[in-house]
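Accompanying notes for the structure given below.
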Amino acid sequence: MSTIPNELTAEQLRRICRVEDLAFQSTADLEELTEIIGQDRATRAIEFGLDIPYHGYNIYALGPAGAGKTSTIIQYLRRKAATQPVPNDWGYVNNFTTPDEPRALRLPAGGGPTLRDDLDKLLKALEETLPRAFESEQYAEHRKELVKELEDRRQSLFKAMENFARERGFAIVQTPMGLLFAPLVDGKPADAEQFQQLPEARRQELEAQEPVLQAEMERTIREAKELGEEVENRQQYLDREIAAATIGPGFDELQSRYAEWPEIVDFLQRVRQDIVEHVDRYKATPAAKSTEETPTPTTMLFAREGSPFDRYRVNVVVTHRNGQGAPVELETNPTYYNLIGRIEHRAEFGTLVTDFTQIKGGSLLRANGGYLVVDVRSLLRQPLAYEALKRSLRHGEVRIEELGQQLSLIPTSGLNPQPIPLSVKVVLIGDPATYYLLYAYDEEFQKLFKVRADFASQMDWNAENVMDVARFIHTRCVEENLPPFDLSAVARVVEYSGRLVEDQRKLTTRFAHVADIVREAAYWARQAGHEPVTGDDVQKAIEERRYRSNLVEERVREAIITDTIMVDVAGERVGQVNGLAVLILGDYAFGKPSRITAKTFLGQAGVINIEREAKMSGRIHDKGMLILGGYLGSRYAQDKPLSLTATITFEQSYDGVEGDSASSSELYALLSSLSGLPIKQGIAVTGSVNQHGEIQAIGGATAKIEGFFDVCQEKGLTGDQGVIVPASNVPNLMLREDVVQGVAEGRFHIYPVRTADEGIAILTGRPAGERGDDGKFPEGSVNRLVDDALASLGTRLRSFGKLPTARRDKAAAAPVQPVDEENGQNGNDGEGEPEPPEPPALPGDEPELPGDEPELPGDEPEPVV
């Protein structure tokens, strides 16, 4: 026969952190925490991912919220990055060959702004000195000589052409149509009338000279043009010589300063060459230019302030001027522009224009040569950001593009900056579900994020980790200027950490919650006007936190006390048991008792879950209910069919039911209804059951026990009340001190059970009973009563609709009247013999009733589950 298990003692309900085991006086005696605690697996994964130099070994850190993934990783990365070299700065400069493709320029580590400032200083000086070089007397003298030479040579050309014409009897005449040849008559140019008056022979002689004269004029004009081009080239050469001589010293000094950087030297040489080739732009001073043009309202409105030298400046898109080691970037808003970079525009004359100076770098460039940390869910919410990140990692370069061009159906002209080489380790912070989805549906994710860093939600409760928690408290106190914690306060925080994970063997690693209680305890200590923080202050913080969140719990408990929600905590009832559920409201969870009832009657429908029929039941709860059918069949239907219809429901349930933690409660209610034995209403039940009748562990055991204790305390503790929990959940109990005190005083009881037999024995006060050698349960046991009830239900269902034995025998012996097919009446007209009656049903045969097999009112017969 089953025996009733022993109840738990007060010492088994809560693990105490003993002050005597702490080897310090207060947290002020401890060192600050610098390493990651309780995350050995994640730490090793992070170290591996950061150290391995191959492509694709980026990191996805997954774990529960509040585990400190982001802060932990940032602190770890900063310590590691401090030992690494500072990476190069990067900038964009003008591409003088193809201006729409700005050149990416590698700059010295932290020296990008220095080069930019040095070049700006040089260009600013040239903006004044270069125009002045063309205002000197020496330059004016050279230019005057070139002009005089040009004029002299031009006059010589035209003088020779004039002599050539006179020798042939012509003079050169200047007309509005240009230079023309006119015949000489009496030493003077003749007009058309005078020409016609000349003798025919003379006219023909002069006309014959026209082609020769025309060829000479064309040759002279061509030589004059070539002369002008020669002088212009000489003038341009003079300007370039002066420009080169003027800018040479400054650029020589700057190039020597960056002689170890070939890319910078090449850029400076290109700038130098471009200034010389386009010296005409810089010959006039800015003041002179401003006086040459009269500003109009339009130019005043849209004119851009700047200098022609702006095209030679350096746009530093990322710098590490104040960097100490490799960069560590945390991108909190990973939009496409914030992550990759952007090309800005400005308005000029009503049109948006841009150039290389408008290129801005993103966090991926700032992290180049170091580490980038991104929240994966924030990343996935941003259009094209995730794809851009993968593309950059896949190709090892950052290409800054205008997002509008990627989305536009019509291609437009714009900048196409050269990509910048990328060498970065990316750490994605996210939850497990997102990791599994990306790994399953994104092949690129598998190739780019090969390192999985799993953050645990708990760690072992041992002396080493307790000391680490104390050091964590000290670190928070130092960083946030909080008063130190004494030993009692540290012990309470450790116990609170164990309560968060509901395990006497574990402590939480979700240090965000621990930090909250540390801050709140410090607040209450200051309110009380004392230091250091004591255990009472921590307990005050815990109680105040609970009070701020338990309004709904109080309203539910009030409804139970006033019988608005019917829950009995005393007496006995057949087919009724108190089940325990957990309601989770944000960061607060509490236990709530619910009345579970079962009704059994004739039929073959099996166990009917009313919540399921009403579509208020979840899949896990449905599975638990189906397991009940398997348990009943294996337990009681080995020598007979299971002929039963039973309904089970959560009374006054309006929000739906999920989970299988009430399956044992539902089984007890069903067994009570079948056996007729009442269940003690002062004992609530939680635990799931399998087909073998074993009670399995459930979640929220601590909250469920405390929820029922609070209801019993409000209604009045009788000393007979308690809770049945799975024995495997005993290590998960971290009950409040008032509940532990109630158990210690014998006013409340907690019973651990391993089987359904143990649980029903506690609830009914009768042993469950085991089958004997004869295959029967002991008389008076719960299982015997259930077995007999099921047999009775089967027999009654089998005999439903049959006549009593005496009437059945008489009916069988009576002759059968033939049917008059013409009249449709029974009778015997004396012709023929009556048909013999059908033989009576033998024991063991199924009853044959008119029509189909018997039906229960309102239901079709269904197979037994």
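Any read-out appearing in this document is the output of simple, stated calculations on the displayed coordinates, not a laboratory observation. Since the structure is predicted, the reported quantities are computational estimates derived from the model, not experimental observations. Heads up, the Cβs are rebuilt from the backbone with ideal geometry, glycines too, and the neighbour counts pull from every protein chain shown.
Things worth noting here:
- Value of Rg/Rh across segment 668-749 [Cα atoms, Kirkwood radius]: 0.99
- Multiplying each eigenvalue of the alpha-carbon gyration tensor of segment 52-165 by 5 and taking the square root yields semi-axes of 68, 19, 11 Å, largest first, rounded to whole angstroms.
- Of all lysines in the structure, those lying under 27 Å Cα to Cα from Lys390, and not within fewer than 8 positions of it along the same chain, are Lys69, Lys80, Lys360, Lys425, Lys447, Lys450.
- Each principal axis of the Cα atoms in segment 480-543 has its own extent, and those three values, largest first, are 35, 20, 19 angstrom.
- Within-14-Å neighbourhood charge of Trp461 [Cβ basis; K, R +1; D, E -1]: -1
- Those lysines that a straight Cα-Cα span of less than 20 Å connects to Lys148, excepting residues fewer than 8 apart in one chain: Lys159, Lys225
- Size of charge dipole - segment 455-566 - debye, nearest 20, with Cβ of Lys, Arg +1 and Asp, Glu -1, no other charges: 140
- Spatial offset of segment 220-249 relative to segment 45-95 amounts to 58 Å, using the alpha carbon center of each.
- The 3J(HN,Hα) values that the Karplus relation (6.51, -1.76, 1.60; θ = phi - 60°) gives for segment 429-440 are, in residue order, 9, x, 9, x, 4, 5, 4, 5, 5, 5, 5, 7 Hz. Gly and Pro appear as x.
- Net charge of neighbours whose Cβ lies under 11 Å from the Cβ of Ser688, counting Lys and Arg as +1 and Asp and Glu as -1: -2
- Dimensions (Å) - segment 709-806, Cα atoms, principal axes, largest first: 70, 34, 21
- Positive-end ranking of Pro532, Gly498, Ala521 along the dipole of segment 478-555, with charges on Cβ about the Cα centre, is headed by Gly498.
- Over segment 3-116: Kirkwood hydrodynamic radius from C-alpha pairwise inverse distances, Å: 20.6
- For segment 553-593 and segment 482-543, distance of Cα centres in Å: 30
- Spatially, segment 326-365 and segment 102-170 are offset by 39 Å when compared through their Cα centroids.
- Whichever lysines have a C-alpha closer than 19 Å to that of Lys680, once near sequence neighbours (fewer than 8 apart) are set aside: Lys592, Lys599, Lys704, Lys715
- Taking a ≥ b ≥ c as the square roots of the eigenvalues of the alpha-carbon gyration tensor, segment 1-62 is classed oblate because a/c is 1.5 or more while a/b is no larger than b/c.
- Local electrostatic count at Ala259 - Lys and Arg +1, Asp and Glu -1, tallied over other residues with Cβ under 13 Å: -4
- The radius of gyration of the Cα set in segment 313-355, together with its Dmax, comes out at 15.0, 46 angstrom.
- Packing-based order for 348-354, 506-512, using average beta carbon neighbours within 10 Å, highest first: 506-512, 348-354
- Three-way shape call for segment 339-476 based on the alpha-carbon gyration tensor, with the a/c threshold at 1.5: prolate
- 5 angstrom amide H check on Gly68, placed H, neighbours 5+ away: Phe511, Ala512
- Nearest-0.05 FRET efficiency for Glu344 and Gln155, computed from C-beta distance (R0 60 Å): 0.55
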